[in-house]
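Step one of this worksheet: look at the structure below.
All of the numbers you see were taken from the coordinates with simple rules; none came from a lab. This is a predicted model, so every value here is computed, not measured. Cβ atoms come from the backbone with ideal geometry, glycine included; neighbour counts cover every protein chain shown.
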Amino acid sequence: MNQSRSICDICGINEAIYKCKICKRNVCYDDFDEERGVCKICAASLCQICNSRLSVTYCPYCGRLVCIEDSIQLDNVRRVCIDCYKKGAIKLSKNLKYVDGAIKLSKRVKTL
């Protein structure tokens, strides 16, 4: 029986002996974070609050990577981590005309 070896999806050189629990890549020992059970690409993209979900953005106040669950959407574009939100680090602009304009535009598009 001929059993083919799987090559690491990241380096393309070494034999893949692990499977990332997030992205399902087959990876070698060098490209796997055993503590988290994920490949090094997913490990670099994990939320820095929960360390289990992939991040969607950086918090503009503390600079940490954050996922949807551990962040608050301030407006149509900006998200901030829950820690900075709880600390009150957020300085909301009194001039939110661009948000009002975006809301009006979205309502207008829905009626078309």
Problem - Relative contact order (percent, whole number), region 1-94, Cα cutoff 8 Å, 6+ residue spacing - result: 14
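How much length would be gained if the chain were fully extended between GLU69 and GLU34, taking 0.36 nm per residue of separation minus their Cα-Cα distance, in nm to one decimal? Show your work: numbers first, answer last.
Working: separation 35, 0.36 × 35 = 12.60 nm, distance 2.42 nm.
Full-extension gain reported as 10.2 nm.
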Problem - Net charge of Cβ neighbours under 12 Å - reference SER55; Lys, Arg +1; Asp, Glu -1 - result: +1
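Can you give the net charge of the other residues whose Cβ lies under 15 Å from the Cβ of TYR29, counting K and R as +1 and D and E as -1? Kindly include the intermediate steps, with their values, before the conclusion.
Working: positive: ARG5, LYS19, ARG25, ARG36, LYS40; negative: ASP9, GLU15, ASP30, ASP31, ASP33, GLU34, GLU35.
Around TYR29, the charge tally is -2.
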Practice task
Return P(r) of region 1-48 (all Cα-Cα pairs; 5 Å bins starting at 0; whole %; ordered from short to long distances).
Solution key: 5, 26, 31, 19, 10, 5, 2, 1, 0, 0
Completion exercise
If amide H atoms are modeled at 1.01 Å from N in the peptide plane, then the residues at a separation of 5 or more from ALA16, or on another chain, having amide H under 5 Å from its own are SER6, ILE7, CYS8
